[in-house]
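S.K.: The structure that follows is given in the form of structure tokens.
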Amino acid sequence: MLEALGWNDRRAQEFRPYAADGLAPGRLVAEHRTHYQVATEQAERSATITGRFRSEAGQRTDLPGVGDFVALRLSAGDGPSLIEAILPRTSALVRKAAGETRPQLVAANVDYIFIVMSLDGDFNLQRLERYLALAAESGAAPIVVINKADIAHIAAETTDRVADVAPGTPMHIVSARSTGGIAELQRYFDGNRTIALVGSSGAGKSTMTNQLLGQTLQRTQEVRSHDSRGRHTTTHRQLFIRPQGGAIIDTPGMRGLELWEPSKRVETDFDDIDTLAAQCRFRNCRHETEPGCAVRAAIASGDLDAGRLAQFARYTTI
């Protein structure tokens, strides 16, 4: 079971000190209010963390989350097992918790993030930009998946607009309901990789999850006809093991997405603006009306596209 979930030689090497202490490896597949569900080599087990683990955590994201590989003290009786450590994460999908000033771990150890958008009222390029920023911060590779191709005509300009926002990012046009294009997504699971699906409620994530799993495990609902918005069919993050190997993490819809560390996206994806900004007369230049602004000068001369500055401004004001 663990190999299908991405356990490999690297993980085994990291786990050696815990094995010597009699602990068992596992991967966290669900997080509930009072306990966790952890997949081990033999079966899934209910687990908790110790009060010491909780008190020593610097912030909420230091605690176990869906997708984490953990060291588990197995229970000998009917009680829950104990999570005693988290193995190093290869990626961490983190956002700002809704209505709070703290980070929230959405998923850990994800290889690819499917950003699911549908061609009805859900289609929103600014939201796509934020999901791309979320992926850039996480360390996982983004894949844009445009869903509901069966109910909307796909104009070339639509895919061109997505390509402008996400240059170089793979894009797939699918219909989760009729399975059209779903087969093309299967290859991302090669090597027992983990895929996380993110997107708004009603975009079709749960239907797509069922198709990729080959069985109906997630409930689905129709979207509202007047605005194409869906109810939160998926109410918590959960990791599913595919019979063919690999794993899927379906997440609740995130319409009000806020990044936790937007500056990281700016530093990595706006190097051209950063280089120009270093030549501005004022160190705190906002690139608006200040004299001696090298960024505005580059736009005026045609060396920098104004759309790039608009994108930069959106990320720095999130």
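The values are calculated or read from the model by the stated rules, or taken from the named source; none is laboratory data. Keep in mind that what you see is a predicted model, and the values were worked out from it rather than measured. Cβ sites come from the backbone with ideal geometry, for glycine too, and all protein chains shown count toward neighbours.
S.K.: When you look at V29, is it assigned to a strand (DSSP E or B), among the β-branched types (V, I, T) and either over 25 Å from A196 (Cα atoms) or not assigned by TED's automatic domain parsing to the domain that holds L197 (or both), yes or no? Working first, answer last.
M.R.: Numbers: assigned to a strand (DSSP E or B): yes; among the β-branched types (V, I, T): yes; either over 25 Å from A196 (Cα atoms) or not assigned by TED's automatic domain parsing to the domain that holds L197 (or both): yes.
Spelling it out, V29 is indeed assigned to a strand (DSSP E or B), among the β-branched types (V, I, T) and either over 25 Å from A196 (Cα atoms) or not assigned by TED's automatic domain parsing to the domain that holds L197 (or both).
A quick yes/no check of all residues on (1) among the hydroxyl-bearing types (S, T, Y); (2) at pLDDT 95 or above:
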position: F69; (1), (2): no, yes
position: R95; (1), (2): no, no
position: L105; (1), (2): no, no
position: Y112; (1), (2): yes, yes
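S.K.: Testing I49 on (1) without any contact (Cβ under 8 Å) to a residue 12 or more places away in the chain; (2) under 23 Å from R95 (Cβ atoms), one condition comes back false. Which one is that?
M.R.: Of (1) without any contact (Cβ under 8 Å) to a residue 12 or more places away in the chain; (2) under 23 Å from R95 (Cβ atoms), only one is false for I49: (1).
S.K.: In segment 286-298, is there at least one residue being at pLDDT below 90, touching an Asp or Glu at 6+ places or on another chain (Cβ under 7 Å) and of a type in the set (V, I, T)?
M.R.: no
S.K.: Considering every residue within segment 61-79, establish whether at least one is assigned by TED's automatic domain parsing to the domain that holds P142, buried (at least 21 other Cβ atoms within 10 Å of the Cβ), assigned to a loop (DSSP other than H, G, I, E, B) and of a type in the set (A, V, I, L, M).
M.R.: No.
S.K.: Here's a follow-up. Is there a residue in segment 101-123 that is farther than 22 Å from K205 by Cβ, crowded, with 22+ Cβ neighbours inside 10 Å and either touching a strand residue (DSSP E or B) at 6+ places or on another chain (Cβ under 9 Å) or not hydroxyl-bearing (S, T, Y) (or both)?
M.R.: Checking segment 101-123: not a single residue is farther than 22 Å from K205 by Cβ, crowded, with 22+ Cβ neighbours inside 10 Å and either touching a strand residue (DSSP E or B) at 6+ places or on another chain (Cβ under 9 Å) or not hydroxyl-bearing (S, T, Y) (or both).
S.K.: Separate question: Would you call F282 of a type in the set (F, W, Y), at pLDDT 60 or above and part of a loop (DSSP other than H, G, I, E, B)? Give the derivation first.
M.R.: Working: of a type in the set (F, W, Y): yes; at pLDDT 60 or above: yes; part of a loop (DSSP other than H, G, I, E, B): yes.
Answer is yes for this residue.
S.K.: So which residues in segment 299-318 are at pLDDT 85 or above, within 34 Å of the chain's Cα centre (by Cα) and not in a loop (DSSP other than H, G, I, E, B), if there are any at all?
M.R.: I299
S.K.: Test T48 against the stated conditions and say whether it is closer than 30 Å to K96 by Cα and either under 22 Å from the mean Cα position of the chain (by Cα) or part of a loop (DSSP other than H, G, I, E, B) (or both).
M.R.: Considered against the rule, which asks whether it is closer than 30 Å to K96 by Cα and either under 22 Å from the mean Cα position of the chain (by Cα) or part of a loop (DSSP other than H, G, I, E, B) (or both), T48 comes out as no.
S.K.: Still on this structure: If you take the residues in segment 24-38 that are β-branched (V, I, T) and crowded, with 19+ Cβ neighbours inside 10 Å, which one is farthest from A108 (Cα to Cα)?
M.R.: Applying the filter and picking the extreme gives V38.
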